[in-house]
Each structure stands twice: as structure tokens, then as C-alpha cells.
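The next block holds one structure in the form of C-alpha cells; read it before the comments.
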Amino acid sequence: MAKMTLEELRKLRDSKKSDLRKRDVAGKDFQIIIGMGTCGIAAGAKGIFDVFVEELDARNLENVAVTQTGCMGLCYVEPTVEVIAPDMPPVIYGKVDA
């Protein structure tokens, strides 16, 4: 692996900070939680997670956090996605695809 310059390291740090801000729930109105236990990952949850992040970027939605959780106990309907919105009960969707 080639050595990185200080400027390259700073750019990498800034891009990772931007990615981590999407996962921070503080100050966000909506949460999208992807079930990424072993069963969820095997069913394609990683791809679902990536699609959500890409779509939020494409639509410039800043008030939505995308996070992951372990097994939600719903292995038979993986991948699962929980959506939490203000003044609404949480909703869990199963058999989610891109």
C-alpha cells in the first residue's frame, strides 16, 4: 500500500466524517434502522443499507438518519427495515429489496 500524503489523509477524514453524520440520530427527525444481524446480512441487508444512503444523498435529505441494528427476531422476513417518524408509531417492513 502506498503512503498517503497529509492532504490525502485530510480528504479521507472529511469524507468519512460526512458518512458518519448520516448515521448520527441527534437532531434528526426520521430514523431508518436496517436489521443487520447474521440473517439480515445473508438476506441482503448490506445492499439495502447502501441503497438507502445513496437515495438520501441523491435527494439531499439531511433530517434522516440511517443506522443498523442486530437481529430483530424476524428472520423469516429479512431483510427488515424499521422506520421511525415523529408523531407516528414505528413501522417495520419485511422482505425489503432495492
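If we count every other residue with Cβ under 15 angstrom of Ala85's Cβ, Lys/Arg +1 and Asp/Glu -1, where does the sum land?
Numbers: positive: Lys28; negative: Asp29, Glu82, Asp87.
Counting the neighbours of Ala85, the net charge comes to -2.
Translational diffusion coefficient of the chain at 20 °C, 1.002 mPa s, Stokes-Einstein with Kirkwood Rh over Cα pairs, in µm²/s as a whole number.
146 µm²/s
Expected output is a single nm value to one decimal: the length gained when fully extending between Cys75 and Arg13, i.e. 0.36 nm times separation in residues minus the C-alpha distance. What is it? It would help to have the intermediate numbers written out before the result.
Working: separation 62, 0.36 × 62 = 22.32 nm, distance 3.58 nm.
Gain on stretching Cys75 to Arg13: 18.7 nm.
Quick one: order Ile32, Ile84 from most to least accessible surface, probe 1.4 Å. Intermediate results must be reported in sequence, preceding the final value.
Working: Ile32 20, Ile84 50 Å².
Listed by decreasing accessible area, they come as Ile84, Ile32.
Can you give the extra length, in nm with one decimal, that the chain gains between Glu62 and Thr5 once fully stretched, where that is 0.36 nm per residue apart less the Cα-Cα distance?
My answer for the length gained is 17.4 nm.
Please give the helix 45-58 orientation as an angle from the longest Cα principal axis of the chain, in degrees from 0 to 90, rounded to the nearest 10.
Long axis of 45-58 versus the principal axis of the chain: about 60 degrees.
Just to confirm the number: angle between the C-alpha axis of helix 6-23 and the first principal axis of the chain, 0 to 90 degrees, nearest 10?
Rounded to the nearest ten degrees, it is 20.
Points 7 angstrom from Cα along the Cβ direction at Asp50 and Asp29: gap in nanometres?
Here the modelled spin labels are 3.0 nm apart.
Modelling each spin label as a point 7 Å along the Cα-to-Cβ direction, I'd like the Lys95/Thr38 distance in nm, to one decimal.
2.5 nm
Taking all protein chains in place and a 1.4 Å probe, what share, in percent, of the accessible surface of the chain do carbon and sulfur account for?
Working: 3850 of 6810 Å².
About 57 percent, which is the carbon plus sulfur part of the accessible surface.
Counting only heavy atoms of the protein chains, get the accessible area per residue of segment 28-98 (1.4 Å probe) and round it to a whole Å² value.
On the way: 4190 Å² over 71 residues.
On a per-residue basis, 59 Å².
The values are calculated or read from the model by the stated rules, or taken from the named source; none is laboratory data. Here the structure is a predicted model, which means the values were calculated and not measured. As a convention, Cβ positions derive from the backbone with ideal geometry for all residues, glycine included, and neighbour counts pool all protein chains shown. Only protein heavy atoms, including side chains, enter the accessible area calculation; ligands, DNA and RNA are left aside. Shrake-Rupley method; radii C 1.70, N 1.55, O 1.52, S 1.80 Å.
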